[in-house]
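The values are calculated or read from the model by the stated rules, or taken from the named source; none is laboratory data. These figures come from a predicted structure and were not determined experimentally. In this analysis, Cβ positions are derived from the backbone assuming ideal geometry, glycine residues included, and neighbour counts consider all displayed protein chains.
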Amino acid sequence: MDRTSPVPLYFQLAQQLEAAVEQGRLPPGTLLGNEIDLAHRLGLSRPTVRQAIQSLVDKGLMVRRRGVGTQVVQSRVRRPLELSSLYDDLEAAGQRPGTKVLRVTTEPATAEIAAALGLPEGTEVHLVERLRYAHDEPMALLRNHLPPDLLALRAPELESTGLYRLMRASGITLHSARQSVGARAATAGEARALAEEPGAPLLTMERTTYDDTGRAVEFASHVYRASRYTFTFQLLSR
């Protein structure tokens, strides 16, 4: 700790603990001990330690358990905004992705879906609904609509790998996408699936993906647990 720095000590401690969690030096399940012992070991006041830990609890990196103390939980998934799949991003981050396929079917395209895919309204399109996990913890509900003649979709393959990998393996070159990110409250069904409380905040993402010929090959509508997930933007000056 740099006591000469204008940065508050609690914030310095919180940054160090967060870095230790993100880098795996404090793995999930680690107990930090009680605040008095931690303050004594670090040579800090108890209020300073309490404020640092509370900031990490608020970020979803730690939880307070009665009779146990403060415990590290899974680090939040930070996803860059680029043309990649959630499965690949989780795997690259060492988050051990898993998938439960809820539905693989066809249905008539609504006006919104038809417009996104460049098809007449009512055209039969593929619908894939999945629940995506990281370390066996639910992270996101994924709904993807695809043109009817794009590729064959089977549940066993969708449970073992990502949709974009299957598309690329079928010879589809993903080139660009138009995406919007938002937020809303979880419905009762979404809350049950994602292990959240009804009304909990969710991040939303809608994406239309195009191949190298300019054809729309996917319309995605996903919701993510805001307590466990962030989108990362990189902004450049003009």
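Restricting attention to region 108-119, the residues that are over 20 Å from ARG178 (Cα atoms) and modelled with pLDDT under 95 add up to 0.
Cβ-Cβ distances below 8 Å connect the following pairs, each with a first residue in region 58-77 that is closer than 14 Å to LEU26 by Cα, a second residue that is modelled with pLDDT of 70 or more and among the aromatic types (Phe, Trp, Tyr), and a separation of six or more residues or different chains: ARG76/TYR229. Exactly one residue among ALA39, ALA52, ALA14, ALA19 is modelled with pLDDT of 80 or more and touching a Phe, Trp or Tyr at 6+ places or on another chain (Cβ under 6 Å), and that residue is ALA52.
Using beta carbons and a limit of 8 Å, which pairs, at least six apart or on different chains, have the first residue in region 153-171 and over 13 Å from VAL128 (Cβ atoms) and in the same structural domain as THR99 (by TED's automatic domain parsing) and the second one among the polar types (S, T, N, Q) and modelled with pLDDT of 90 or more? Within 8 Å, the pairs are SER160/THR99. Among the residues that make up region 111-131, is at least one of them acidic (Asp, Glu) and either within 21 Å of the chain's Cα centre (by Cα) or not assigned by TED's automatic domain parsing to the domain that holds LEU86 (or both)? Checking region 111-131: at least one residue is acidic (Asp, Glu) and either within 21 Å of the chain's Cα centre (by Cα) or not assigned by TED's automatic domain parsing to the domain that holds LEU86 (or both). Going residue by residue through region 204-225, is there one that turns out to be farther than 19 Å from THR110 by Cα, modelled with pLDDT under 90 and among the aromatic types (Phe, Trp, Tyr)? Within region 204-225, not a single residue is farther than 19 Å from THR110 by Cα, modelled with pLDDT under 90 and among the aromatic types (Phe, Trp, Tyr). Beta carbons closer than 8 Å, at least 6 apart along the sequence or on distinct chains, never pair a first residue in region 29-57 that is at positive phi with a second that is of a type in the set (Asp, Glu).
Taking the criterion of being of a type in the set (D, E, K, R) and either surrounded by fewer than 18 Cβ atoms within 10 Å (Cβ to Cβ) or assigned to a loop (DSSP other than H, G, I, E, B) (or both), the residues of region 22-36 that qualify are GLU22, ARG25. For region 208-230, the candidate set comprises residues that are among the basic types (Lys, Arg) and within 15 Å of the chain's Cα centre (by Cα); within that set, the residue that is surrounded by the most Cβ atoms within 10 Å (Cβ to Cβ) is ARG225. With respect to (1) over 15 Å from the mean Cα position of the chain (by Cα); (2) on the phi > 0 side of the Ramachandran plot; (3) in contact (Cβ under 8 Å) with a residue 40 or more places away in the chain, the lone exception for ALA195 is condition (1). Within region 112-119, does at least one residue satisfy the condition of being out of contact with any helix residue (DSSP H, G or I) (no Cβ under 9 Å at 6 or more places or on another chain), more than 19 Å from HIS222 (Cβ to Cβ), surrounded by 13 or more Cβ atoms within 10 Å (Cβ to Cβ) and free of Cβ contacts under 8 Å to residues at least 12 places away in the same chain? Checking region 112-119: at least one residue is out of contact with any helix residue (DSSP H, G or I) (no Cβ under 9 Å at 6 or more places or on another chain), more than 19 Å from HIS222 (Cβ to Cβ), surrounded by 13 or more Cβ atoms within 10 Å (Cβ to Cβ) and free of Cβ contacts under 8 Å to residues at least 12 places away in the same chain. ARG50 meets the conditions (1) of a type in the set (Lys, Arg); (2) in contact with a helix residue (DSSP H, G or I) (Cβ under 6 Å, 6 or more places away or on another chain); (3) within 30 Å of ARG96 (Cβ to Cβ) in every case but one. The failed one is (3).
The residue list ALA39, ALA19, ALA14 contains one member that is assigned to a helix (DSSP H, G or I), in contact with a helix residue (DSSP H, G or I) (Cβ under 8 Å, 6 or more places away or on another chain) and under 12 Å from LEU61 (Cα atoms), which is ALA14.
Annotation: HIS175 fulfils all but one of (1) more than 17 Å from HIS145 (Cα to Cα); (2) under 21 Å from the mean Cα position of the chain (by Cα); the unmet one is (2). When ALA193 is tested against (1) small (Gly, Ala, Ser); (2) within 30 Å of GLY60 (Cβ to Cβ); (3) in a strand (DSSP E or B), exactly one condition is not met: (3).
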